[in-house]
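Quick note: the coordinates plus some simple rules give every number you see, no bench work behind them. Keep in mind that what you see is a predicted model, and the values were worked out from it rather than measured. Glycine gets a Cβ as well: all are built from the backbone with ideal geometry, and neighbour counts include every protein chain shown.
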Amino acid sequence: MKKTALILTAILVFTMIFALAAPAFADDAKAANGEEQFITTATGDDEYAELDDYAEMVKAVPEAESNPAAAKAISAGAVIAVVAAAGAIAMAVAISRATDAMARQPEMAGKINSAMMLGLVFIETAIIYALIVAILIIFVL
């Protein structure tokens, strides 16, 4: 049980770190290094064969475009997916263990049920925090 809880906690922590770091990589390439970048292709293409000057060929190739909104949406979706999956696994483990404990000691069912519900609330709180982080990624960053 302790090993499972440790693994789930590590997954939650790394997911939160990923959620906060991913938008930093979503910046446009021009804004990141202050210069324009072009996609270059092989000079043997038919559509570029008519261009005489190399500079004209580079200008004719479309700029590399990055979409920060798409990167934010992907990182927010990844945060919610991983944290929700980890939370669901943690809740399943908690409910399973509580049910086993209640089956072994029916007289303690009330206390076990109370402790299980408190644990489920804490797990759900971590999932809600991840949702808040995902919303912040989309709308604030």
Open item on the list: Given points 7 Å out from each Cα along the Cα-Cβ axis, report the Lys2 to Ile89 separation in nanometres with one decimal.
Closed with: 2.0
TODO: Provide the gained length on full extension for the span Arg97 to Asn113, in nm with one decimal, where the gain is 0.36 nm per separating residue minus the Cα-Cα distance.
DONE: 4.7 nm
Open item on the list: If I model a spin label at Val13 and Leu136 as a point 7 Å from the Cα along the Cα→Cβ vector, what separation in nanometres do I get?
Closed with: 1.8
